[in-house]
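Before any comments, here is the structure.
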Amino acid sequence: MATTRRTAALGLLAAAGAALPLARALAQNAPTPDKVSSGVQTEMPDEESPATELDTTTDTYEHMLAPVIINGQGPFNFLLDTGANVSCVSNRLMARLDLKSSGASAAVHTVVGVHNRPVVILDRLQVGPRNRRMVRAPALPMKGTDVDGVLGVDWLKGQRLVLDFKARKLEIIRSQADVDEPGHVVVVPARRRHGQLTIVDADLSGHRISAIIDSGAQGSLCNSKLRDIVHALDAKRGDRPPPRYVRMETLAGEAFDGESIFLPFLRLGGLHLGNVPVTYAEMHVFDIWGLKDTPALVIGMDLLGQFEQVALDFGRSAVRFSYV
């Protein structure tokens, strides 16, 4: 098995679900869709949330980290994870701040599987000018020392998250309409699935696929249905390269194996990409998102980071890719 920096942390927190008590609480706090059009849902934005702009840093594996204040202390480095539907803290941070347990546990899902983790109470979670109080956050082991927690999509409340890779900043602003700008901007419709955005207008060499934007994954993953399409295309061209296997691990230190493959032609709306490297692994994450039986791709930071900006609009269910 080959291990490289690119693949060493390929599968991170792809989704963080919760045990029933926590899941019910999250569902009650979720914004209610006010419109459904062509299968794309629109959420009402949180009008009271202030616009937020923060400088970001990166960890060893080039994930985007945001400064977060917990209970008036910090800042701490939290990984931005658009594939996680709840925010989490590390066991290390739980001990450092002496965070109190809620007495409950949550079933936290990674790309590999699910584990029950203790839930702690954050009296206050602050991201720039945004404050949330009495936050229930699962605590879990996190490999390394440069990530103190995970910010999931639960704190976005139907707004717009702008990941500015060129300027090393993030913005959280009100939802807004976008249009394509040929040669510079492509806007792709999406659908909310368990809080995440799934691109609905995508295909691989003419085969329809689903694609999830996951800034918590360092590399891009695909399932067996998509891998089978790639193998069939390779066989049709008479060019079937020998398999190349890689060893990876999650943010929580869970090791798993995958097969490195290349997507010959990927279309995301009006965006056309060729020879895209991804890793095949039949992971738990595809079961969570109901994508086990359809060709599916998890778009990680290796692909997202090639753009100047990626804006995820959770209010209008759309993804905006900006490039030169």
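The values are calculated or read from the model by the stated rules, or taken from the named source; none is laboratory data. Computed from a predicted model, the values in this text were never measured in an experiment. Reconstructed Cβ throughout: ideal geometry from the backbone, glycine too, with neighbour counts over all protein chains shown. The accessibility values were calculated without ligands, DNA or RNA, using every heavy atom of the protein model including side chains. Shrake-Rupley method; radii C 1.70, N 1.55, O 1.52, S 1.80 Å.
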With criteria (1) open to solvent by 60 Å² or more (accessible area, probe 1.4 Å); (2) on the phi < 0 side of the Ramachandran plot, L140 comes up short on (1)
The strands (runs of 3 or more DSSP E) lying entirely within the stretch 254-324 that contain at least 2 residues which are open to solvent by 10 Å² or more (accessible area, probe 1.4 Å) and within 24 Å of P141 (Cα to Cα) are 255-268
Please verify whether the stretch 161-181 includes one or more residues that are exposed (fewer than 15 other Cβ atoms within 10 Å of the Cβ), over 17 Å from L268 (Cβ atoms), hydroxyl-bearing (S, T, Y) and in contact (Cβ under 8 Å) with a residue 12 or more places away in the chain.
no
Looking only at the stretch 184-219, how many residues end up being within 17 Å of the chain's Cα centre (by Cα), surrounded by fewer than 23 Cβ atoms within 10 Å (Cβ to Cβ) and not in a strand (DSSP E or B)?
3
If you scan the stretch 71-103, which residues turn out to be surrounded by 18 or more Cβ atoms within 10 Å (Cβ to Cβ) and part of a strand (DSSP E or B)?
F76, N77, F78, L79, L80, C88, V89, S90
